[in-house]
1. Could you tell me which residue of the stretch B:80-90 is farthest from the other protein chains (Cβ to nearest Cβ), considering only residues that are crowded, with 20+ Cβ neighbours inside 10 Å and assigned to a loop (DSSP other than H, G, I, E, B)?
2. When only residues in the stretch B:139-171 that are part of a helix (DSSP H, G or I) and among the acidic types (Asp, Glu) count, which is surrounded by the fewest Cβ atoms within 10 Å (Cβ to Cβ)?
3. Kindly indicate which of A:VAL160, A:VAL152, A:VAL139, A:VAL114 is within 24 Å of the chain's Cα centre (by Cα), assigned by TED's automatic domain parsing to the domain that holds A:LEU20 and hydrophobic (A, V, I, L, M, F, W, C).
4. Looking only at the stretch A:489-499, count how many residues are of a type in the set (Asp, Glu) and either more than 7 Å from chain B (Cβ to nearest Cβ) or within 25 Å of A:ALA347 (Cβ to Cβ) (or both).
5. Of all residues in the stretch B:140-156, count the ones that are more than 15 Å from B:ARG180 (Cβ to Cβ) and either touching a strand residue (DSSP E or B) at 6+ places or on another chain (Cβ under 6 Å) or not hydrophobic (A, V, I, L, M, F, W, C) (or both).
6. Could you give every pair whose Cβ atoms fall below 6 Å, whose first residue belongs to the stretch A:500-512 and is free of Cβ contacts under 8 Å to residues at least 60 places away in the same chain and within 9 Å of chain B (Cβ to nearest Cβ), and whose second residue is of a type in the set (Gly, Ala, Ser) and not in a helix (DSSP H, G or I), counting only separations of at least 6 or pairs across chains?
7. Pick from B:ARG108, B:ARG178, B:ARG77: which is on the phi > 0 side of the Ramachandran plot and surrounded by fewer than 18 Cβ atoms within 10 Å (Cβ to Cβ)?
8. Among the residues of the stretch B:111-138, how many are more than 8 Å from every other protein chain (Cβ to nearest Cβ) and surrounded by 13 or more Cβ atoms within 10 Å (Cβ to Cβ)?
Amino acid sequence: MDPAFLAVQALSGLSSASSLFITACGLTIVFGVTRIVNFAHGSLYMIGAYTAATLVPQLLELSFGPVTFWAGILASAIIVGLIGVIIEVLLLRRIYGAPELFQLLATFGIVLVVQDLVVQVFGPQDILGPRAPGLRAPVEILGRRFPSYELVLIAAGPIVLGLVWLLLRKTRFGVLVRAATQDRDMVASLGVNQALLFTGTLFLGAFLAGLGGALQIPRVSANTGMDLSIIAEAFVVTVVGGMGSVPGAFLAALVIGQLQAFGILIFPKSTLVVVFLLMAVVLAIRPHGFFGRAEIIGGSHAVGIASRSPLPGRGFILLVVIGILAAFPLAADAYLLKVATEILIFALFAFSLQLLIGVGGVVSFGHAAFFGLGAYGAALGVKWYGVSMEAALPLGLALAALGAGLVGAFVVRLSGIYLAMMTLAAAQILYAVAFQWVEVTGGDNGIVGVWPSSWASGPIPYYLLTAALTVVTVLLLKRIIEAPFGYALRAARDSEARAEAIGLKVRQHRWLAFMIAGAAAGLAGGLYAFSRGSVDPSLLGISTSVDALTMLLLGGIQTVMGPLVGAAALHGLRDWIMPLTSLWRLLLGLSIIAMVLIFPRGLVGTVRDWWGARA
Amino acid sequence: MTLLTVDDLHKSFGGVMAARDVTFTVASGEMLAVIGPNGAGKSTVFNMVGGQLTPDRGKVLLDGQDITRASPQKRFRRGVGRTFQVAQTFLSMSAAENVQMALISCNRQSNGLWAPARDRHRDKAVELLSRVGMEEAADTPCSALAYGDVKRVELAIALAGQPKLLLMDEPTAGMAPRERATLMDLTASIAESQGIGVLFTEHDMDVVFGHAARVLVLLRGQIIASGTPDEVRRDEQVKRAYLGDEHALERPKGMTPA
C-alpha cells in the first residue's frame, strides 16, 4: 500500500484522537471526582462548537488575525465552563448521593433540554465556522496534501494532556481532584470545601468539552446531532481508558483514533462497530478498562422492588382491568385505539426492563437493542423470507432472546457504571449495523410493508391481539418475579456476597434474566413493527432506551406495576403535548429532571406511600 | 473428629506475605478463634477458607475433601456457612424470606419460575428463626430490624444450609457489649448441640477468651501461638505482639469461660 496514504491516514487518526481526548478528558475528570457519568458532556461540546462558530466570525470582523481566532476559541470554552458551573449548582449538586440510574437519567434530561435550547438560540441550520487565519494552506506530506489545521489539532492533544497534568500535579486544586478521585469520603472528612471542589471540577470538565467542540469549527459545521455522536465516542474512550483516569483516556483516544482511521479500510461503512467492538473486547479482558479501578458500590445504590404482601382482591382487580381493556374498542375511535395499542406495547417494553433494573439491579442502558432486534427480526422475516405475522413475531422474539443471550454473556461479569456503558455500547453496535448495512436492513429508511395477517389487521383486531399478548406476557413476568428465580435476582441485587455464600449462581441467574427480559422486549418490538408497518434504526437508538427508562422512573422503580402506569403516562402525554409545541424535548427533559429531584419513587410509589401514610 | 484441615497456606499480595505456613485444624463442635493485631492476615486466612481468595500454595480440606479452589457456592454445598463482618442480608425481604431464600438455594430451586417463593419452606424458615430467637420478627423487613437482630437473622441464614463448618468474620463487630455475649452464647450452644465446627476472627478479647475452646494467634501472616485461651494468654511472644495493649489479654472481668 502507498506509504504516503498510510502516513496521511495515521495523521488524520492522530488528529481525531486529539479532539476526542480533549473532550473525553473532561468527562473522565468529572466522573473521577463526582462519580456521575455526565450524559450532558456531549451537549457542552455542542454548545462549544455553536458558540465558537457564532462568536469567532464576529471577533474576526473586528480584528482579523490568528490571535483573535484563538482568543475566540478560548472564550467559547470559558463560556461553556460557566454553563457547566450553572449545571452543577442547579442540578448535579442535588443528585450526588442518588442511585446511578437517576444520575444518568437526570443528565440525559439536560441533553434533551439543550437540544431544544440550541435550536432556539442559534437557529435550526448548521453553522460552518471560519477557517483559522494563517492555517489555510495545506502542507505537503510525502507528496500528499494535508490540512495544516489538523497538524495543530494533533499538537493540541498532548498540550492539553500536559497542562492538565501540571494542573493535577502542581496545584492545590489538582491535589484535591486526585484525592477525591481516590477517596471522596476521606476528602470530605478532612474538611475540604466540597462544594467549591465539585463546582471547580465541573468548570474544568465543561471547559474541556467546550474547547473540544470549539476546536472543531474549521473542520465540521456545528449541528444538532453533535451531542449524541460525540458522547457515544467519549463514553467509549473513558470506559476503555478506565473511568477517572486521564492517561487512560489519552491512550484509549490514540487507539480509537487509529482504529477509526484504518478501520475505514477494512470495514468501509462500520467504523462505529469497530470502535464499540474494541470496547467490548477491552471490558471482557479488563472489566475496569486500561487504568480503572473497581468501583465500590454501596448497598444504598440498589433501589428496586421489595417484598410486600399480595393485594387483597387482586384476582378481582385483574378481571376488571381485562374487562376494561377488552371493552375499550366499543368506546374508542381508530385514532385512540392506535394510541392505546402503542401504550400497551411500550408498557410491555418497560415492564421487561423492570425485570433487569427493579428486580435484578442490573442497570441496562441499552434495552432498545432487544426491542429493535424484535422489530427487525420480524421485519426481516417478512421482507426476506415472506413469512406471515404468526411466524414473524416468534422470529423477532427469538432473535431478541439470542441477542440478549450474547450481550448478557459479556455484561453479567461487569457491574455498576461499566455495565450500563457496555449495554449502551451493545445497542449502539446494533444501531450502527442497522444504519450502515443498507442492502439488508434498508439503512436509514428501514424496512416498510410489515403488515399483520388479514385476521389481525385493522385497528380493533390488532389492538385486541396486542392487549392479549401484553397481558399474558406481563402476568408471566410477574409470576417469574414472585418465583424463586425473581427472588434470587433480588437477593443478588441486595447483597452479592450473601447470595454467593448461600450458593446462588449470580451470573447465571443474571444471564437468564437478560434473555427473558430480551425476549419480552423483542415481542414488544415485533408488535410495534406490525402496528406501524415499518421499522427503522431509531428503534435501536439511545432515545428508545431512555424512553423505557423514563417510563420506569415515571411509574416507580420500586413497584411491580409502575412501568405500566409510566408507559401510559409518558406516551399519553407525548401524544397530547407534542402536536401543541415545538419544545417537546425541552418539556420532557425538564420533567425527567423534576421527577428525579421531586418524585424519585415515581407515580405508583408516591401514591402508595401516600396511601400507606393515610392508613 | 477433624472437620477442617488447613495445610501450609501461602498467600502474597505483590511483595507482602499476607499468610505463610498457615496450618491448623478445626474439629466438629469446636470453636476456634483467630486473633492478631491489625494486618496480621486474619481476613486473608479467613477468605481463603471461605472461597473469596485462592491461596498461592497449600490446601484446604473439609471432611477430607479438597476445597482449596472451590467457589463460595460450591463450599456452601459442601457444608460451609458464613457470616460477614458487616452483616449481609437481603434488605428488601422479610427475615423469614431471607432464610427461605437460603433454603430454596439449598434445595436447588433457585431457577424455579412458577410457584411463588413466598410459600416455599416457610415453616422450616420460621423454625430456624426461632432457634436464634427471631421468630417474632419473621415478617418484618430486614431493613427495619436493629443491627443486632440483623446479625441474628444472618446466623439463621447461615444455619439454613445445615453447615458442618460455620465461618464468622468478627461476629460481634458493631454490637453492644451485652448483645455480643448473647450472640456468642447462642452460637456456642448451637455449635455444640449440632456438632458444627466454628471458626471465627474477633477483636473483642472478652468474646475470644469467653467462648473459644482454642485460640490461634497470627502475626505478619504466621501463626505464632496456638492453644487454650490460658496458654495463649501466658505466651511471651503473644504478649510482645500485643505490647502496649497488654490489658487486652487480661482475663475478662465478671465472666466465666464458657
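1. Within the stretch B:80-90, the match that is farthest from the other protein chains (Cβ to nearest Cβ) is B:ALA87.
2. B:ASP149
3. Testing whether each residue is within 24 Å of the chain's Cα centre (by Cα), assigned by TED's automatic domain parsing to the domain that holds A:LEU20 and hydrophobic (A, V, I, L, M, F, W, C) leaves just A:VAL114.
4. Result for the stretch A:489-499: 1.
5. 3
6. A:LEU504/B:SER110
7. B:ARG108
8. Residues that pass the stated criteria total 16.
The values are calculated or read from the model by the stated rules, or taken from the named source; none is laboratory data. Model, not experiment: these values are computed from the prediction. Heads up, the Cβs are rebuilt from the backbone with ideal geometry, glycines too, and the neighbour counts pull from every protein chain shown.
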